[in-house]
Amino acid sequence: MDEPGVSSNNYVRIFDTTLRDGEQSPGASLTSAEKIDIARQLVRLGVDIIEAGFPAASPDDLEGVRRIAREVGTPDGPVICGLARTTKNDIDKAWEAIQDAAKPRIHTFIATSDIHMEHKLRMTREQVVERTREMVSYARSLCDDIEFSPEDACRSDPAFLVEVLGVAIEAGATTLNIPDTVGYITPAEYHELITYLIRETPGGDRVFWSVHCHDDLGMATANTLAGLQAGARQAEVTINGIGERAGNTALEEIVMALRTRPQVYGLETGIDATHLTRSSRMVSNYTGMLVQPNKAITGANAFSHEAGIHQDGMLKNQATYEIMTPETVGLSQSNLVLGKHSGRHAFRVRLEELGYEMESDDLNLAFQRFKELADKKKTVTDADIEALIADEFYGPEEVFHMEGIQVACGQMGMPTATIKLRGPDGKEHIHAAIGTGPVDATYQAIDQIVQVPNTLVEYRVAAITEGIDALGEVTVRIRRDANGRRSFGGHGADTDIIVASAKAYLAAINKMLAYTGFADLAPEGDAATIGVRAPAAT
């Protein structure tokens with residue numbers, strides 16, 4: 001890895017915080033298994049640092065970070081980072097979680113803006129400086145790689161920032177991160193601030209400088225690029241730009257901006273851009289947060305052209321209206337890929353080309369699902385295959401599994417759905433319900449079996465591919481408590497949109513149960529009798 005320095009290198013380290021800051025997005029809760037899947041995908045993508053979570057937040061978060069450190073934090077893999085406030089307990093928890101990684105990092109932070117110090121911390125500037133000195137020193141006694149962030153840096157007094165950052169370097173910090181915590185600053189201001197801090201901070205030439213920008217005013221990507229131009233060499237980003245409030249800087253936007261405009265930035269990353277689309281879809285499916293169609297790089301319309309003038313130009317020369325090719329970001333342009341007469345070998349090769357490596361048992365199951373889909377569709381596209389794989393193999397751990405569904409609807413009768421689920425007790429449960437429509441009837445039937453109250457807060461339907469036999473994709477979001485902040489997303493895909501709707505709703509319920517615990521599902525309140533865990537203490 002490059003040595004610290006302002007302009008001595010042109011390599012930008014990609015610090016991915018999808019699993020920490022990204023998961024703080026309302027509705028973006030992830031199970032431990034999903035976090036591991038995303039972490040492994042981030043390794044394939046080539047990120048330099050994975051901020052795996054906030055271990056002090058809960059025992060489940062600590063265990064999730066520890067599992068990533070053990071399974072993903074290999075000697076040739078990325079740095080595994082845990083976030084901690086500047087308290088001994090938080091730092092201890094972070095170290096406990098990441099210490100098994102080959103390359104561990106503790107990231108500790110404290111607010112430095114007057115509004116945060118006065119109203120949130122209730123601390124003076126002198127107390128913040130002393131806390132920084134004490135806790136960065138303590139973190140360094142445990143771990144050689146320490147990142148320090150002055151929270152709300154962009155609304156802090158620059159001279160005070162220099163003082164705090166100088167103390168952090170003296171105490172052992174190796175990376176200094178300057179976060180625009182509330183998305184307040186503009187690109188010109190951020191460039192000026194980073195330039196000032198690098199120049200004025202004692203020891204600033206001995207550390208890496210990092211940028212972390214939020215998108216409250218829609219300037220996260222522009223601000224991050226401005227910070228990199230000013231000399232920062234680490235960019236803190238998330239897949240799809242998810243995160244608190246309006247989100248973070250999107251990884252795919254920074255990577256492709258640097259790659260597409262080398263004459264402007266003269267910087268490079270170690271990211272394999274062909275994994276960008278797959279990474280985006282995985283995070284979208286797991287979190288239940290759809291990518292807007294006009295999203296840069298990974299949106300459905302990013303490489304679509306409808307205007308006649310644009311289409312004419314594209315037919316004559318693709319470069320007339322595309323500054324990058326779809327293939328560079330992992331978006332295949334294949335239409336007819338496979339069909340019902342295709343064999344297992346061709347299917348396996350296509351999966352490998354799409355970036356999926358499967359063991360024989362999973363491959364057999366995937367091939368069986370592909371054949372079922374090919375019997376229903378005339379052509380099977382790459383998008384169909386990726387949706388099938390995501391739906392079958394990258395969903396939440398199942399508590400309830402759908403065995404079958406039958407729906408009757410129309411103007412002449414009442415919409416009725418009959419659902420068969422296999423519960424955590426291993427038994428089949430069948431129930432029928434009437435609703436205002438087929439989806440409502442299906443969800444009511446599921447609710448009657450699961451018996452866990454929740455509120456449906458979002459329901460979206462999209463066609464993955466074109467044509468009347470298109471594979472339909474449904475995304476839902478539910479809350480256990482109608483007034484609660486945490487919501488749970490689910491994703492389902494099928495040629496039958498009612499089946500896809502049932503899969504998505506059941507996936508959200510399974511995710512909610514996996515997160516909250518579900519001892520109340522046991523027949524007599526004994527979770528052990530049906531092999532499920534009781535809710536964790538908090």
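The values are calculated or read from the model by the stated rules, or taken from the named source; none is laboratory data. The shown structure was predicted, so the numbers you read here are calculated from the model rather than taken from an experiment. Every residue, glycine among them, receives a Cβ derived from its backbone with ideal geometry; neighbour counts consider all protein chains shown.
Structure above, values below:
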| item | result |
| --- | --- |
| Which numbered condition Val211 fails, given (1) assigned to a loop (DSSP other than H, G, I, E, B); (2) in contact with an Asp or Glu (Cβ under 7 Å, 6 or more places away or on another chain); (3) surrounded by 21 or more Cβ atoms within 10 Å (Cβ to Cβ); (4) among the β-branched types (Val, Ile, Thr) | (1) |
| Residue list for segment 112-130, restricted to those being more than 16 Å from Ala153 (Cα to Cα) and in a helix (DSSP H, G or I) | Glu126, Gln127, Glu130 |
| Residue satisfying condition, being closer than 18 Å to His212 by Cα, over 26 Å from the mean Cα position of the chain (by Cα) and either surrounded by fewer than 16 Cβ atoms within 10 Å (Cβ to Cβ) or not hydroxyl-bearing (Ser, Thr, Tyr) (or both), within set Leu161, Leu176, Leu142, Leu121 | Leu161 |
| Every pair of residues 6+ apart whose Cβ atoms lie under 9 Å, when the first sits in segment 461-474 and is farther than 17 Å from Gly299 by Cβ and surrounded by fewer than 18 Cβ atoms within 10 Å (Cβ to Cβ) while the second is at pLDDT 65 or above and charged (D, E, K, R) | Val461/Glu473; Gly467/Lys377; Asp469/Lys376; Asp469/Lys377; Ala470/Lys377; Ala470/Asp384 |
| Any hit, segment 221-239, residues being under 23 Å from Gln41 (Cα atoms), touching a Leu at 6+ places or on another chain (Cβ under 8 Å) and assigned to a helix (DSSP H, G or I) | yes |
| Residue ID - nearest to Gly241 (Cα to Cα), chosen from residues in segment 24-41 that are in a helix (DSSP H, G or I) and in contact with a Ser or Thr (Cβ under 7 Å, 6 or more places away or on another chain) | Ile38 |
| Candidates Val79, Val47 - the one that is over 16 Å from the mean Cα position of the chain (by Cα) and closer than 22 Å to Val255 by Cβ | Val79 |
| From the options Arg20, Arg40, Arg70, residue that is assigned by TED's automatic domain parsing to the domain that holds Thr277 and more than 14 Å from the chain's Cα centre (by Cα) | Arg70 |
| Meets criteria (part of a loop (DSSP other than H, G, I, E, B) and either under 16 Å from Phe148 (Cα atoms) or of a type in the set (D, E, K, R) (or both)) for Asp216 | yes |
| Enumeration of residues in segment 443-457 that are in a helix (DSSP H, G or I) and either of a type in the set (A, V, I, L, M) or surrounded by fewer than 20 Cβ atoms within 10 Å (Cβ to Cβ) (or both) | Gln444, Ala445, Ile446, Asp447, Gln448, Ile449, Val450 |
| In segment 191-245, the residues that are closer than 23 Å to Leu83 by Cβ, under 21 Å from the mean Cα position of the chain (by Cα) and of a type in the set (A, V, I, L, M) | Val211, Ala220, Ala235, Val237, Ile239, Ile242 |
| So Asp384, is it modelled with pLDDT of 75 or more and among the acidic types (Asp, Glu) | no |
